[in-house]
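Okay, so here's the structure we're looking at.
The values are calculated or read from the model by the stated rules, or taken from the named source; none is laboratory data. Note that the structure is predicted; figures quoted are calculated from it, not measured. Cβ placement follows ideal geometry from the backbone for every residue including glycine, while neighbour counts extend to all protein chains displayed. Quick note on the areas: whole protein, heavy atoms, side chains included, nothing else; ligands and nucleic acids left out. Shrake-Rupley method; radii C 1.70, N 1.55, O 1.52, S 1.80 Å.
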Amino acid sequence: MPKKKGGGGAGKSKKKKKSTKSPGGLQDATNEAREEVVVKDTWTVRGDIERCEKIAPGKWLAFSIARAQWHNFSISPGIATAFATPQGNNEVEVEAWLNVVQYSISDWVLRELLLKEDHVGEFRSLGRGWIFVMIRREERKFKVWFESVRRIVETHKVDIERVPLDEKQLHKHTFGYAPDTELVFFFKGLTWRASISIQKLHPDYRDLDKWATNPDVMERCKVATLPTDEERHKKGLQYLQRQKRKEAEKKKEAEKKKQAEQRVEASSKPPAEPAPVVDTSTAKVASQQNSPVSKDQELNLPLSTKAARKLNEEKKAAQAASDQFDRLLQSMLNEGFDGGLGGEDLDNELEDNDGARVDHEL
């Protein structure tokens, strides 16, 4: 059995108002936990409990401390014997006693809750989370319930601080354990501090075949060595990266679906009436110039008509300027003034200049 974190649980504690803020110093872990949630984050504690109850119906496992029922120590000879054993007088003896007590309860949870009927498949479908155990030694009873990783990070700041778990340790116990071969137990009430432990099924466990329902899981359960903290951290990061890829794929598929729906909606609409064809020919524009158009009417004309009218006005202005200049020169020629140019040269010069002037105006 792996060494636990912390020494035991605290007694009753004052209830705190539910907060959506992340535990102090645990922001990254909180964000990582949120990676397990769907893109549209509408998560609530009540919604999470209802989700778990749908996955694992039948009330064989509770999903909140309020709905968990009390069990007497006498429900299991192993539990009764463990608590009847003296706690010890030194740190080593207390540590040994805690291990025995925790093992007796975790073994009962595994055999009587998880391995009964078809509960293994339902439990795995719940996803990552912790099995909480609340113990009242004076009354010789305990209760058990399950909470998802998201609920743990969102609502168990006090419990996390009482172990205590820093950011790295929290990451280890939420994303660094292997849910196909390991269980995370959080004990409250054994001593003044809460304790947490990752417990792996032993390769020689008598009911291992009930847990390992396929060859791959059985092969992993047969590995006796426990992963190091570095290996757990690496596995946790790999898990989060896979979750991010899945969320990205979900977003992509949702966008594709939305675009497909928009295309179907657009194709089902009746075709819009075609816009009136505007004749932008010179003759049409010229005829429009003959009829006065008010400023208000001009603002309501189609853009193509305005552009054509402006272009025609520019051409007419350029042509009028050219005609006026030609008449002036012709008048000068008629009066015998050639400016030092022969008649033929002057005509060629006028043609060249007129062409250049018109190009410039346009």
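Just a yes or no: is a residue in region 28-36 modelled with pLDDT under 50 and either more than 17 Å from T174 (Cα to Cα) or in contact with a Pro (Cβ under 9 Å, 6 or more places away or on another chain) (or both)? Steps first, please.
At the first step, the residues of region 28-36 found to be modelled with pLDDT under 50 are 28-36.
Imposing the further condition that a residue be either more than 17 Å from T174 (Cα to Cα) or in contact with a Pro (Cβ under 9 Å, 6 or more places away or on another chain) (or both) reduces the set to 29-30.
Yes: one or more hits.
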**Study point:** Residue that is nearest to R162 (Cα to Cα) [pool: residues in region 191-201 that are assigned to a strand (DSSP E or B) and open to solvent by less than 30 Å² (accessible area, probe 1.4 Å)]
**Key:** S195
Practice item. Would you mind telling me which numbered condition in (1) out of contact with any Asp or Glu (no Cβ under 9 Å at 6 or more places or on another chain); (2) open to solvent by 10 Å² or more (accessible area, probe 1.4 Å); (3) among the acidic types (D, E); (4) within 20 Å of R124 (Cβ to Cβ) D204 fails? Key: (4)
Review point. Does region 140-166 hold any residues that are of a type in the set (D, E, K, R) and in contact (Cβ under 8 Å) with a residue 40 or more places away in the chain, and which are they?
Key: R140, K141, K143, E147, R150, R151, E154, K157, E161, R162, D166
Check your understanding: Which of (1) under 18 Å from D107 (Cβ atoms); (2) in contact with a Ser or Thr (Cβ under 7 Å, 6 or more places away or on another chain) is the odd one out, the single condition G127 does not satisfy?
Key -> (1)
**Study point:** Selection from region 232-249 of residues that are open to solvent by less than 100 Å² (accessible area, probe 1.4 Å) and either among the basic types (K, R) or within 11 Å of A178 (Cα to Cα) (or both)
**Key:** R232, G236, Y239
